[in-house]
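Chemist: Take this structure, written in structure tokens, and hold onto it; I'll ask about it next.
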Amino acid sequence: MVPYPDGPLIVRGAFHIRTADGGPIPQHRRTVALCRCGLSNIKPWCDGTHKAAGFRTDA
């Protein structure tokens, strides 16, 4: 996992993503960008909304 400054969390390789209830979220790629700003319209995936929103991370 790589947290991009002011952007998404990039996850590569074999992994499983689950909902808060434990249900699986299907993924179709071995590398995905997960939203960290909370504004994406396609959560949990990043759609680039963080750029227009001016999302900033501490690190």
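Chemist: Applying the selection to the range 23-41, what residues are in a loop (DSSP other than H, G, I, E, B) and at pLDDT 95 or above?
Modeler: Correct list: Gly23, Cys35, Arg36, Cys37, Gly38, Leu39, Ser40, Asn41.
Chemist: How about the range 26-55: which of its residues are open to solvent by 40 Å² or more (accessible area, probe 1.4 Å) and either among the aliphatic types (A, V, I, L, M) or in contact (Cβ under 8 Å) with a residue 60 or more places away in the chain (or both)?
Modeler: Within the range 26-55, Leu39, Ile42, Ala52, Ala53 qualify.
Chemist: Residues of the range 1-21 being open to solvent by less than 70 Å² (accessible area, probe 1.4 Å), in a loop (DSSP other than H, G, I, E, B) and modelled with pLDDT of 95 or more, which ones?
Modeler: Across the range 1-21, the qualifying residues are Asp6, Gly7, Pro8.
The values are calculated or read from the model by the stated rules, or taken from the named source; none is laboratory data. Note that the coordinates shown come from a computational prediction; the quantities given were computed from them, not determined experimentally. Don't worry about glycine lacking a Cβ; one is built from the backbone with ideal geometry, like all the others, and counts go over all protein chains shown. Remember, those area values only see protein heavy atoms, side chains included, never the ligands or the DNA or RNA. Shrake-Rupley method; radii C 1.70, N 1.55, O 1.52, S 1.80 Å.
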